[in-house]
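So the structure is just underneath, and the comments pick up after that.
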Amino acid sequence: MDPGRGGPGRSRDPPLHVRTPRGRRRSPSRPSAAWVQARRSTQCPTAPAPPGPGAGREPQHGSWADLPADILGLVVGRLPRANDRVRLHAACHAWRAAGRSHGRPPPPLPLLVLSDFALSSFCADGAMTRARRLPLPSRETAVDVRCVGSFQEWLVGVQLNKGRYFGDGRCFLMNAFSREVIYLPPPSVSTHFIDAYSRSLPIANGSGTVHCTVNGAQYVMSFCKVDLSSSPDPDSKCAVAAISVHRSSAKLALWRTGMTSWCVCQGGCMSKFSDIALYQGKVYTFSKFTTNLFVFDITEDDSGLMVSHVERCVAKLPEVGESYRQTWNIVEWHGKLLLVVTYIGGEGGWHNICKIGVFEVDLSTNPFRFTEINSLDGDCIFISPCSSNSFRACQYDRVEGDLIYFIDGGLYPAKNAPPFNRSVYNMRDGAMAPFAAEIPDYNLRAPDGSLMNPTWLFPSE
């Protein structure tokens with residue numbers, strides 16, 4: 001509702017009535033236009049009050065700002081989409097305060113953010129709304145930027161350098177609703193004025209080493225997925241982990257609040273990433289071509305974040321005879337780590353999904369033990385190249401549970417194939433169905449034809 005307008009269907013300013021003692025009546029005086037305009041800018045629009053005993057003689061009018069806080073709280077809880085809640089909070093101060101004071105409503109439904117910061121809302125029936133581009137910081141409006149990650153209300157953006165060999169120019173965090181911006185160190189630098197600090201670590205239960213450097217004199221990175229441990233609040237110890245793939249060279253980059261440079265990690269175990277996750281203070285990465293899960297222990301010292309231990313954990317997953325290729329996604333669910341495996345092949349060929357497997361990872365064993373599960377207790381999983389997470393679908397009556405929504409670019413490697421697999425998988429009966437048909441293919445490709453990886457956004461309120 002627009003705070004500068006009256007209730008639904010009103011085209012004129014409602015008359016302002018003055019209460020008088022019983023038995024006396026006084027005609028309302030018409031206020032000046034300037035006074036009405038000033039009143040409009042500070043209060044909610046007025047709405048008719050319920051009819052009373054004297055309603056037949058003279059209508060009484062109340063204020064939308066006087067709606068009880070418990071009613072407004074219930075209204076917020078019945079708004080599943082984040083943008084609708086933003087509109088309600090923006091109506092006036094009274095509505096914003098009431099909506100936040102009456103308990104904590106369930107988190108809104110996820111949002112899909114395309115690479116160019118165009119935002120589409122997930123609806124209760126599984127459809128997607130038309131994408132609309134978010135306003136960007138003024139510093140970024142004149143350059144090419146792309147979204148490469150998210151956490152709750154925060155999006156991660158990077159600036160594209162025009163030269164193909166120069167990596168990303170800037171990296172920033174932006175709150176999708178308040179528009180607050182936090183700049184991180186640039187992903188690519190040629191000089192640094194602080195002495196470098198480095199460490200080489202052998203890979204336990206494997207071969208090779210990982211070389212990590214903080215304040216390096218030179219590094220070039222192009223981020224394709226960025227994960228955060230928490231919201232980047234001033235008092236939080238937010239950690240950031242990023243996958244960089246540039247000129248066929250893969251790197252792991254780490255950062256936390258206060259660091260002026262990335263901790264850049266290189267090694268043979270990072271040649272082909274499939275996915276990455278920050279979980280319980282550690283970084284988990286999955287190899288793209290082998291079932292090797294690598295765990296990076298992180299410590300903090302005067303230089304910032306640094307890797308203290310790297311270990312390879314061989315994953316023993318069930319085989320599917322008719323498949324010849326798999327993709328993996330790491331998802332957190334109820335404090336547990338899940339591995340979602342897409343088996344590709346079978347009678348339909350390279351573009352056919354023949355099975356979806358969801359495995360709970362037991363981190364207490366080595367190698368890790370994987371137990372396949374067939375239910376999410378009514379929850380849903382949303383998977384995209386830049387962000388994947390679970391969602392409590394049972395909080396809303398019309399949202400079906402035990403579904404996995406895919407917008408994943410790992411299925412179709414051919415040049416003229418669809419840019420992304422957009423489908424929903426039902427864990428109860430194993431059925432697959434199309435998803436997000438409202439988003440045209442051209443919205444998922446850049447002008448040069450390259451893929452524009454989308455990311456799911458999960459606002460907390």
Within the range 220-257, which residues are closer than 19 Å to Phe166 by Cα and among the aromatic types (Phe, Trp, Tyr)? Phe223
Quick one: how many residues across the range 189-226 are assigned to a loop (DSSP other than H, G, I, E, B) and crowded, with 21+ Cβ neighbours inside 10 Å? 3
With respect to Ser229, determine if the residue is among the polar types (S, T, N, Q), farther than 26 Å from Ser274 by Cα and open to solvent by 40 Å² or more (accessible area, probe 1.4 Å). no
Could you give every pair whose Cβ atoms fall below 9 Å, whose first residue belongs to the range 442-461 and is of a type outside the set (Lys, Arg), and whose second residue is open to solvent by 50 Å² or more (accessible area, probe 1.4 Å) and in a helix (DSSP H, G or I), counting only separations of at least 6 or pairs across chains? Glu461/Arg100
Quickly run through the range 272-302 and pick out the residues that are among the hydroxyl-bearing types (Ser, Thr, Tyr), more than 14 Å from Pro367 (Cβ to Cβ) and modelled with pLDDT of 75 or more. Tyr279, Thr285, Thr299
I'm trying to understand the selection: among the residues of the range 353-384, which are assigned to a loop (DSSP other than H, G, I, E, B) and of a type in the set (Gly, Ala, Ser)? Ser364, Ser375, Gly378, Ser384
If we scan the range 422-436, do we find a residue that is closer than 13 Å to Phe406 by Cβ, charged (D, E, K, R) and without any contact (Cβ under 8 Å) to a residue 24 or more places away in the chain? yes
Please count how many residues of the range 128-158 are buried (at least 18 other Cβ atoms within 10 Å of the Cβ) and assigned to a strand (DSSP E or B). 13
Exactly one of (1) touching a Phe, Trp or Tyr at 6+ places or on another chain (Cβ under 8 Å); (2) more than 20 Å from Arg422 (Cβ to Cβ) is unmet by Ser150. Its number? (2)
Among the listed residues Tyr442, Tyr425, Tyr405, which satisfies the condition of being surrounded by fewer than 20 Cβ atoms within 10 Å (Cβ to Cβ) and either of a type in the set (Ser, Thr, Tyr) or modelled with pLDDT of 90 or more (or both)? Tyr442
Criterion (of a type in the set (Ser, Thr, Tyr), touching a Pro at 6+ places or on another chain (Cβ under 9 Å) and crowded, with 16+ Cβ neighbours inside 10 Å) met by exactly one of Thr285, Thr257: Thr257
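Conditions (1) at pLDDT 90 or above; (2) surrounded by fewer than 17 Cβ atoms within 10 Å (Cβ to Cβ); (3) in contact with a helix residue (DSSP H, G or I) (Cβ under 6 Å, 6 or more places away or on another chain); (4) part of a strand (DSSP E or B), marked per residue:
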residue	(1), (2), (3), (4)
Val310	yes, no, no, yes
Cys313	no, no, no, yes
Glu319	no, yes, no, no
Thr327	no, no, no, yes
Ile330	yes, no, no, yes
Leu337	yes, no, no, yes
Ile344	no, no, no, yes
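The values are calculated or read from the model by the stated rules, or taken from the named source; none is laboratory data. Given the structure is predicted, the values throughout are model-derived calculations rather than measurements. Positions of Cβ are backbone-derived with ideal geometry, glycine not excepted, and every protein chain shown enters the neighbour counts. Heavy atoms of the whole protein, side chains included, go into the accessibility calculation; ligands, DNA and RNA do not. Shrake-Rupley method; radii C 1.70, N 1.55, O 1.52, S 1.80 Å.
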